[in-house]
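Colleague: Provided herewith is a single structure, encoded as structure tokens, for subsequent inquiry.
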Amino acid sequence: MTGVDLADPIPARTADRAPRPPAQGETVEVVAPGYEVRTRHLPAAQCHGDWPLDAAVRVARTLGPPGERLLWLDTETTGLAGGTGTYVFLVGLARLDGEVVTVRQHFLAGLRDERAMLEGLAAELRDADGLVTFNGTRFDLPLLATRYLLARVGRGPTPSAHLDLMAVARRLWYRPLGGFSLATVERAVLGVRRQGDLPGWAIPARYVEYLRTGHRAGLEPVFTHNLQDLLSLMALHGLAGALVTDGTGTIRFGGAGIVRAGGAGTVRAATGGSAAVAVPVDFWGLGRLREGRGDAAGAVACYREALRVEQDPALRRRTACALARLYRRAGALEALHALWQREATLGILPRWLCLERLAVFWEWSGRDLRRALRCAEGAIAAAGEADAHGDAPLLERLHRRRERLARKVSGIGRQPPLEWRAQEAPRACASSGPVSSGARSACRSS
Amino acid sequence: MTLEQFLDRLRHDARLASHITAWHELPARPARYAPFPEDLHPRLVAALRRRGITALYTHQAAAYRAAAEGRHLVVVTPTASGKTLCYTLPVLDRILKAPETRALYLFPTKALGADQVDELQALIAATGAAITTFTYDGDTPAPARRAIRAAGHVVVTNPDMLHTAILPHHTKWLRLFESLRYVVVDEVHHYRGVFGSHVANVLRRLWRVCRFYGSAPQVIATSATIGNPQEHAERLVGAPVTLIDDNGAPAGPRVVVLLNPPVVNRALGIRRDTLLEVRDLAGELVAGGVPTIVFARSRLAAELLTTYLRDLAARSGEDAERVRGYRAGYLPSERRAIERGLREGTVRAVASTNALELGIDIGQLAAAVLAGYPGTIASTWQQIGRAGRTGELAAAFLVATSDPLDQYLVTHPAYLFGRSPEAAWIHPDNPLVLASHLRCALFELPLAHDEPFGPEPPLRLLQHLAAQGIVHDDGTRWHYVAETFPAEEVSLRSASTENVVVIDTTDPQPRVIGEVDLASAPGLVHEGAIYLHLGRQHHVDRLDWEARKAYVRRVDVDYYTQAEIAVRLAVLTEAATTGRAPGPAPHAAGSAGALQAAHGEVALTFRPTVYKKLKLFTHENVGWGKIALPETTLHTTAAWVWLPPAALRGRSADRLQGALAALGHALLAVAPLALMCDPHDLGRVVEVRSPHTGAPTVYLYERAPGGVGLAERLFRFLDRLAAAAADLVAQCPCTAGCPSCVGPPLEVGEHGKADARLLLQEATRPLPVGTSPRA
């Protein structure tokens, strides 16, 4: 497997039909008449958009997948619909070799040699510990699996570990950017400006045109597009890794310092050597990602950040509920109480909801049944004001709670619970002010 | 009152007896049994015994044997003859013996599939084996699909899902295709005409995919009684098929009675309304406790009959819930409940459209009442067959409408009892149909240069597709390289699958009560319409056409509504014609002597105009309203034939109308065989003075949107068609027309047959030598 010799007569009918002479720093191997691999080495310290690649990859590794030898994969196909009749004609693989990013593009120059291409690809994939894609779960990997099955070449790529960055991108950027395609994200958060890029939808036609005519000139932008996609994938991986793994909600990136979250809904991040840029982030989504990784403290910071600006009642509700759940789990009762108290006064969430939550708080955490009952009654009144009459299950639930509390409260009068008498601490729980930490421990031990 | 007593009264009551035009008795047929085949898996034998089956009917045993011998087979049996076991036995037997075996069941409709799965699962449960069956259709939730692909022994689906969801993604169905042993194609008589031609090509694709995975499944098909079941199945499957039609299932004696309602206005020749006549007849049967099914020709008629019969039941102090309606558009759960009620006897009578004509298991009923001739002999026997009980008397009544066809039939009973049912025709090699499936086939697997698709390697089609950039030749194989997903661009059925959802807003919580297919919606759920559902009246308050939603409210009024739809045909382009061009050239294409012909693209416009309010029970007109809905247009192809100025000169417009109708009918009668299509694939419009040709003209148009080339073939082979039609008319023993030749006299007039005969003779008269290359 050596660089192609232009005198090599195999596919060369005219200059245009032959594999293009290698550009600087690039080699082209002709493995079979219809299968070529282009290799290119880029300095890892170079910036892609605002981000230096080597630093990006360092941070990226903390997000996974596990393993030392990662491959970033992106395919170009003859269609986007999927199914058996969609060919994968270009598979780009990027990896970090020390100071160098190596990009290898496996190109199907003739459909007859698909088997050779798939075999070559499989050999390279076998050496990887993990694979990173953008929408690989639903698109690239099933499509490749189909090609392997159809060409009867083994089972195709079955990486032990695979990270699909699209799932991450959806969480982080769908709301602030109105979309989460690689093109949208790279423009808005990576600061990548592509010059004369071929749009993705135009790619299949270019390849079909090449098959028909054998002219390669039209394909060059496809190779460039694929290369750009791979670099964006690496940079995005790094940025997402930095956002998700930094537990404090600040970004340390490129080793160049820390910048606190900037304006509403953005993180200010320092990039390699250049000025800090503001990166829009959906803190709710970032919180979910962190929570999913078991980083409760990091998630709390995100949810709180999200609540600073969230005006949509439904989204605010799920954020507040998620935050409340984490507070409860951590036993942060003061914060839990303050959360619903504040929500009740803010007036974005339905008042009955906040009062119902407060009733729950006082019944089970604060252990003040009378206050709980007052809150439950307030919730019913608020539900009435909010014209929630049609919501029968809600009203039924609120009434059930009130009745139960009323029963309990009247029970206190007749016969206070044994353990409360023993501890002599009910007053602390019943105090009207915010729960003191002493009262909290008293309540928890009871 | 027993059925015997009812029949006795019918025959001896002078007034009723005068309505009877035919009384046909079919003798009882004893059961013929065969022992369980020796190689049938013991667990299956035990399961059958547990379900009370101690022997097989002869046709079931024959089917098992043919399947065991590795042959494709088609089983032709009437309803309720144990058809399901004919394919379930070989399939379960094979799975029990080799658990990796897979089977694919294809049903024409979802409802049929659901019914058969229940029966299959009951038998599987009795074997106690871990055999899994799954239904894969549009309703299957996405998470379940993965499990089905990996684990289902028996996958139940329909041709449409096979076409768009399974074959194009066959790699995901690796397990199924690798071990596919049986493909069950139920109710193959459904796959006729253009639809059948599409399905035949889907099967071609299926066989290709199976070959790729190294499987070669056997086909077990079933069919209702049609004229050519074996030939039809062979054409559909593309291979020789063994016919199993020796029905061993028993049947009790049966009486078939044809009734013609009395003339109520002799001057106008108007007969008593069929629905009222049917109401009286069925009402008595229901009152007498005779389990009865009533077949109506339209959904409106089915609902009206439901209303009437429930009303009668309620007035005689019975539970109206024992009378139910049944038709397309009910929710699946409602349908299941009605079917179960019929089987278990909690529902005593049902008024249905032909939706129940098919093989859905509703048990055995004692009486069937047909409100009008269903249109074909095959359908008539299917509906009659719904009445039939082992060892006991059953009866079927066909009550004629005043339609010419019905009137002919009741006055010529021998036509119904003597003729064999219609044959089914398909043309899988129709170039347009073949081309669309060739693209799908290529998408599924590349096609080797020497691999046939259809009768031979379709080289010319492929070169054409290559020129369009859809396929690519790599030197040995053709590859699909276009971006589009070809199966989505090919619809197997000409009717749109879109529906209008009917939403009942009477209660605070609106709920969906049914749906109406898009084509029927303008006539059924326009604003102001009374929409009948389960015999209950609903007023349509609003029809949101764009959102496909009709908002209705329950009402109790004494009328129903009937919409009028104006149909207009306009010629858009004329692709070729025999007329106008001077010289001998016209006869190069399929000119037919005295007839001029052309073909091209046409637009049929359906415009709902007004609706009538008709009083319940009397059907008198009590008002009307306008319908404000956009018209719908069918763009398709048509062939048309017009009369030269000299032909039938001086005849009245009525007579010309009759002659044209007769000519059109005769051409349509021979077209299915000549074009290998179904009569329903073509429609007919007659214009005494056509704006396009300026002459008396018959248009024969294709019902499939865009057409599939039938019109062009009609035009090209018009001389052959005209010759066949001339033969048909000349040899038909009827005097003034019948459904088999030019249509019934009431439709074509007393001179219709003679005029059509003359026109066809003229058309096929050899032209003077030198003027026609085909003379």
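Colleague: Can you pull out every residue in the stretch A:197-228 that is within 9 Å of chain B (Cβ to nearest Cβ) and either charged (D, E, K, R) or touching a helix residue (DSSP H, G or I) at 6+ places or on another chain (Cβ under 8 Å) (or both)?
Modeller: Once the filter is applied, which keeps residues that are within 9 Å of chain B (Cβ to nearest Cβ) and either charged (D, E, K, R) or touching a helix residue (DSSP H, G or I) at 6+ places or on another chain (Cβ under 8 Å) (or both), the stretch A:197-228 yields A:Y207, A:E209, A:L211, A:R212.
Colleague: Right, another one. Which residues, taken from the stretch B:147-160, are buried (at least 21 other Cβ atoms within 10 Å of the Cβ) and either within 14 Å of chain A (Cβ to nearest Cβ) or in contact with a Cys (Cβ under 9 Å, 6 or more places away or on another chain) (or both)?
Modeller: none
Here's the yes/no breakdown for (1) part of a strand (DSSP E or B); (2) surrounded by fewer than 24 Cβ atoms within 10 Å (Cβ to Cβ); (3) within 19 Å of the chain's Cα centre (by Cα):
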site	(1), (2), (3)
B:V290	no, yes, no
B:V294	yes, no, yes
B:Y308	no, yes, no
B:D311	no, yes, no
B:E318	no, yes, no
B:G325	yes, no, no
B:A328	no, yes, yes
B:R336	no, yes, no
B:Y373	no, no, yes
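Residue by residue, here is whether (1) outside any helix (DSSP H, G or I); (2) more than 28 Å from the chain's Cα centre (by Cα); (3) of a type in the set (K, R) holds:
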position	(1), (2), (3)
B:A646	yes, yes, no
B:A666	no, no, no
B:G683	yes, no, no
B:R689	yes, yes, yes
B:A704	yes, no, no
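Colleague: Filter the stretch B:741-756 down to the residues that are closer than 17 Å to B:A722 by Cβ and not β-branched (V, I, T) and list them by number.
Modeller: Those that are closer than 17 Å to B:A722 by Cβ and not β-branched (V, I, T): B:C741, B:G743, B:G752, B:K753, B:A754, B:D755, B:A756.
Colleague: Across the stretch B:99-133, which residue is modelled with the lowest pLDDT among those that are among the small types (G, A, S) and in contact with a strand residue (DSSP E or B) (Cβ under 6 Å, 6 or more places away or on another chain)?
Modeller: B:G113
Colleague: Return the total of residues in the stretch B:431-456 being away from chain A (no Cβ under 14 Å), more than 20 Å from B:G707 (Cβ to Cβ) and touching a strand residue (DSSP E or B) at 6+ places or on another chain (Cβ under 9 Å).
Modeller: Count: 2.
Colleague: Something else now. Within the stretch B:592-613, which residues are closer than 16 Å to B:A722 by Cα, surrounded by fewer than 22 Cβ atoms within 10 Å (Cβ to Cβ) and modelled with pLDDT of 90 or more?
Modeller: none
Colleague: Please pick out the residue among B:A521, B:A547 that is surrounded by 14 or more Cβ atoms within 10 Å (Cβ to Cβ) and either aliphatic (A, V, I, L, M) or within 14 Å of chain A (Cβ to nearest Cβ) (or both).
Modeller: B:A521
Colleague: Also, quick follow-up: Starting from residues that are β-branched (V, I, T) and within 14 Å of chain B (Cβ to nearest Cβ), keep the ones in the stretch A:118-157 and report whichever is farthest from the chain's Cα centre (by Cα).
Modeller: Within the stretch A:118-157, the match that is farthest from the chain's Cα centre (by Cα) is A:V153.
Colleague: Looking only at the stretch A:171-180, decide whether some residue is more than 14 Å from every other protein chain (Cβ to nearest Cβ), among the aliphatic types (A, V, I, L, M) and either on the phi < 0 side of the Ramachandran plot or buried (at least 18 other Cβ atoms within 10 Å of the Cβ) (or both).
Modeller: Yes; the residues of the stretch A:171-180 include at least one that is more than 14 Å from every other protein chain (Cβ to nearest Cβ), among the aliphatic types (A, V, I, L, M) and either on the phi < 0 side of the Ramachandran plot or buried (at least 18 other Cβ atoms within 10 Å of the Cβ) (or both).
Colleague: Let me ask you something else. Name the pairs whose Cβ atoms lie under 6 Å apart, with the first residue in the stretch B:450-469 and within 21 Å of A:V208 (Cβ to Cβ), the second part of a helix (DSSP H, G or I), and 6 or more positions between them or separate chains?
Modeller: Listed pairs, sorted by first residue: B:P458/B:L438; B:L461/B:A435; B:L461/B:L438; B:G469/A:V208.
Colleague: Still on this structure, I have one more. I want to confirm something. Restricting to the stretch A:89-117 and keeping residues that are of a type in the set (K, R) and within 13 Å of chain B (Cβ to nearest Cβ), which single residue is nearest to the chain's Cα centre (by Cα)?
Modeller: Among residues in the stretch A:89-117 that are of a type in the set (K, R) and within 13 Å of chain B (Cβ to nearest Cβ), the one nearest to the chain's Cα centre (by Cα) is A:R115.
Colleague: I would also like to ask the following. Given (1) over 16 Å from B:T109 (Cα atoms); (2) crowded, with 22+ Cβ neighbours inside 10 Å; (3) within 14 Å of another protein chain (Cβ to nearest Cβ), identify the lone condition not met by B:H163.
Modeller: Among (1) over 16 Å from B:T109 (Cα atoms); (2) crowded, with 22+ Cβ neighbours inside 10 Å; (3) within 14 Å of another protein chain (Cβ to nearest Cβ), B:H163 violates only (1).
Colleague: If only one of A:T271, A:T248 is farther than 21 Å from A:E186 by Cα, at pLDDT below 80 and not in a helix (DSSP H, G or I), which one is it?
Modeller: One residue alone meets the criteria, A:T248.
Rundown of residues vs (1) in contact (Cβ under 8 Å) with a residue 24 or more places away in the chain; (2) surrounded by 15 or more Cβ atoms within 10 Å (Cβ to Cβ); (3) assigned by TED's automatic domain parsing to the domain that holds B:P99, yes/no style:
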residue: B:D8; (1), (2), (3): no, no, no
residue: B:D13; (1), (2), (3): no, no, no
residue: B:A17; (1), (2), (3): no, no, no
residue: B:I20; (1), (2), (3): yes, yes, no
residue: B:E38; (1), (2), (3): no, no, yes
residue: B:H41; (1), (2), (3): yes, yes, yes
residue: B:L44; (1), (2), (3): yes, yes, yes
residue: B:A47; (1), (2), (3): yes, yes, yes
residue: B:R50; (1), (2), (3): yes, no, yes
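Colleague: Please state which of the following conditions A:A202 fails to meet, knowing it meets all the rest: (1) in contact (Cβ under 8 Å) with a residue 24 or more places away in the chain; (2) under 19 Å from A:A81 (Cβ atoms).
Modeller: (1)
Colleague: A further question follows. Search the stretch B:447-478 for residues being of a type in the set (V, I, T) and surrounded by 16 or more Cβ atoms within 10 Å (Cβ to Cβ), and hand back the single one that is nearest to B:W207 (Cα to Cα).
Modeller: Once the filter is applied, the top-ranked residue is B:V471.
Colleague: Select from the stretch B:112-134 the residues that are outside any helix (DSSP H, G or I) and among the hydrophobic types (A, V, I, L, M, F, W, C) and list them in ascending order.
Modeller: Selection gives B:A129, B:A130, B:I131, B:F134.
Colleague: Scan the stretch B:479-518 for residues that are buried (at least 22 other Cβ atoms within 10 Å of the Cβ), within 14 Å of chain A (Cβ to nearest Cβ) and β-branched (V, I, T) and jot them down.
Modeller: Passing the criteria: only B:V481.
Colleague: If you check every pair at least six apart or on different chains, which have Cβ atoms under 8 Å apart with a residue in the stretch A:49-62 that is assigned by TED's automatic domain parsing to the domain that holds A:L165 and in contact (Cβ under 8 Å) with a residue 24 or more places away in the chain first and a residue that is surrounded by fewer than 21 Cβ atoms within 10 Å (Cβ to Cβ) and among the basic types (K, R) second?
Modeller: What qualifies is A:G49/A:R193.
Yes or no, residue by residue, for (1) more than 31 Å from the chain's Cα centre (by Cα); (2) at pLDDT 90 or above; (3) over 29 Å from B:L604 (Cβ atoms):
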site: B:Q537; (1), (2), (3): no, no, yes
site: B:V540; (1), (2), (3): no, yes, no
site: B:D558; (1), (2), (3): yes, no, yes
site: B:E564; (1), (2), (3): no, no, no
site: B:V571; (1), (2), (3): no, yes, no
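Colleague: Look through A:E36, A:E29, A:E76 and report the one residue that is assigned to a strand (DSSP E or B), within 14 Å of another protein chain (Cβ to nearest Cβ) and modelled with pLDDT of 80 or more.
Modeller: Just a single option satisfies the conditions, and that option is A:E76.
The values are calculated or read from the model by the stated rules, or taken from the named source; none is laboratory data. Remember, predicted model here, so these are calculated numbers, not experimental data. Reconstructed Cβ throughout: ideal geometry from the backbone, glycine too, with neighbour counts over all protein chains shown.
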